[in-house]
Each structure stands twice: as structure tokens, then as C-alpha cells.
1. Does Lys65 meet the test of being surrounded by fewer than 19 Cβ atoms within 10 Å (Cβ to Cβ) and under 20 Å from the mean Cα position of the chain (by Cα)?
2. Checking the condition under 20 Å from Asp237 (Cβ atoms), touching a strand residue (DSSP E or B) at 6+ places or on another chain (Cβ under 8 Å), in contact (Cβ under 8 Å) with a residue 60 or more places away in the chain and buried (at least 17 other Cβ atoms within 10 Å of the Cβ), which residue from Leu193, Leu167 passes?
3. Starting from the stretch 62-75, keep only residues that are over 17 Å from Pro111 (Cα atoms), then list their pairs with residues that are of a type in the set (Asp, Glu) and modelled with pLDDT under 95 whose Cβ atoms are within a distance under 9 Å, requiring at least 6 positions of separation or different chains.
4. If only one of Asn247, Asn213, Asn158 is modelled with pLDDT of 90 or more, polar (S, T, N, Q) and on the phi > 0 side of the Ramachandran plot, which one is it?
5. Within the stretch 205-239, restricting attention to residues that are of a type in the set (S, T, N, Q) and assigned to a helix (DSSP H, G or I), which residue is nearest to Leu122 (Cα to Cα)?
6. Here's a check for you: in the stretch 232-252, which residue that is among the polar types (S, T, N, Q) and in contact (Cβ under 8 Å) with a residue 60 or more places away in the chain is surrounded by the fewest Cβ atoms within 10 Å (Cβ to Cβ)?
7. Against the condition of a type in the set (S, T, N, Q) and under 22 Å from the mean Cα position of the chain (by Cα), how does Gln90 come out, does it pass?
8. Return the residues of the stretch 97-114 that are assigned to a helix (DSSP H, G or I) and of a type in the set (Gly, Ala, Ser); say none if nothing qualifies.
Amino acid sequence: MKTKPNRAFTLIELLVVVAIIAILASLLLPALGKAKEAGKAAHCRGNEKNLILAWMMYHQDNDDKIVGAHDRGIRQGDWVGRKQNASGRQTGPMAPIEDEIWGFKDGLLWPYLNDHKVYHCLGDRRDSPIKSRKVQQGKAWRSYAIPCSMNGPPYVANEAILKHNQLKTPSTKYVFLEEETDVGGSNWGGWLLPYPFTSAWWDPIAIRHGDKNCLAFADGHVELHRWMDKRTFRMSDGQTFGVSAPNSPDLKYMQRGYATVRGNP
């Protein structure tokens, strides 16, 4: 009686198959990672598009006055408020995300948005159980900030933009950017550059999309900007304040887009 031939794989054949799978995985995983990061960046651009449209609708509804850049709430004319509970009492850095959402509701842009997810970039890990090494993490959710020069407190005496019509070239002046400082469990206040301009930053930025970040401009468009200076990446990675960066193309780019009354070509 004839027996059926043995059709099992040999050890060498199995090793070859495993090696091929490993090679394919090594080729595909970076591409998948890039695709995932591109998806987060696209989501972030969508958030900033919603934010800038809300910002524009506010000034159109309020005699051209722009919303405040700080986080002191509706009573102070700001776009968001600070962490607080449902009764309006301010709470601390370790208060839950829900308290930061109550702070969003205590902001002048909330009626135009009505969705706390718009304030959060998927690349912002400060709300994650895995503590970010960049910041002294509380429980932070808001990923975006407005420059202090856009109707911020008097950091820039008599130089803050108060009305949209003060912007001579709104397509070059950013209104929202990505920030990841952590003061009181959120990005405290507006985002600040020294003015008159120097060769140094003050507030660090966040870099969440590889070597790029989202910026929303006063004419309503959103850009995914690429950073070039290694000092910018070190500043972002360490969330370091007041970094000196002479001749930095990144610093010069942000200075050109930082709108003030006099520095507004």
C-alpha cells in the first residue's frame, strides 16, 4: 500500500518564511507609523480650522473686537477659562479633565464650538496615564494657545492687537498654535514672545507631528509648518523657557507672524 508523501514544511523553509515576514514588517511599520502621524496632524488641522472660524465669527459678531488671549474666562473677555468645577470654583493641577472642560465653557468661543474635543490634539499626551517626560504633568487637555499680542494682558504695553482691522496682513499673522507647557494642569495664559524682539524665545512650543506643527492664521487658513532648527526641538522636548537662539529660522518665522500694533507689516 502506497503512503502519501509528507507535505510538511522543513525547518529551513519555515525560517525563510519567518525572515520574509520580518523583512516585510520592517518595511511596513515605518510607513504605518507615518500614516498614523499624518492622521493625527490632519485631525489637529481640523481642530485649528474650527478654532479659527470661531475666532473669526466672534469678531464679526462683536464690532470687530477680537477675543482675549488669556484663560481668565468670560468675565475678563477671554476665549477660555481656567480649571473649575460645575459651580465655577477654580480647581488645581490634578483636577480631572472635566474641570478643564468647565473652563472651556467659561470662554467666549464655546458657544461657537460646543465640543471639548476641538481643544485637544491627539498628539498631546498630557491627559495620558503614561506621564509625559516633557512637562510636570497635571491633567491637561487644551493643546492650543493664542499669542499674548492678540488681545492678551499688558505684557506688550500699548502693542496688543484689539480689533481685527488692526491687522494689515492677516494671512501672515497666526492666532492659534500648539503649546504644551503645564502650569496649573493646563497652558496658562497666552503664548509669549519677548517684544521688542530679541534673539531668544520665551514660551516654548509643542512639536507633535514629526518635525511639523499646526498654526491657524487671522485670515482663516491653517498651515502645517516644518521646523528646522535643532535648538527648537530641544526647547520643545524639554519645554524650556527663555531659550537663546540667535539666527534661528524658526524664531524668525514666529517673530514675523507675531502681530503687534507697530510690528505688523
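The values are calculated or read from the model by the stated rules, or taken from the named source; none is laboratory data. Keep in mind it's a predicted model, so treat the numbers as computed, not measured. Glycine also receives a Cβ, built like all others from the backbone with ideal geometry; neighbour counts cover every protein chain displayed.
1. For Lys65, the condition - surrounded by fewer than 19 Cβ atoms within 10 Å (Cβ to Cβ) and under 20 Å from the mean Cα position of the chain (by Cα) - is not met.
2. It is Leu193.
3. none
4. Only one candidate qualifies: Asn247.
5. Ser236
6. Out of the qualifying residues, it is Gln239.
7. Taking the combined requirement at face value, the residue does not satisfy it.
8. Hit for the stretch 97-114 is Gly103, nothing else.
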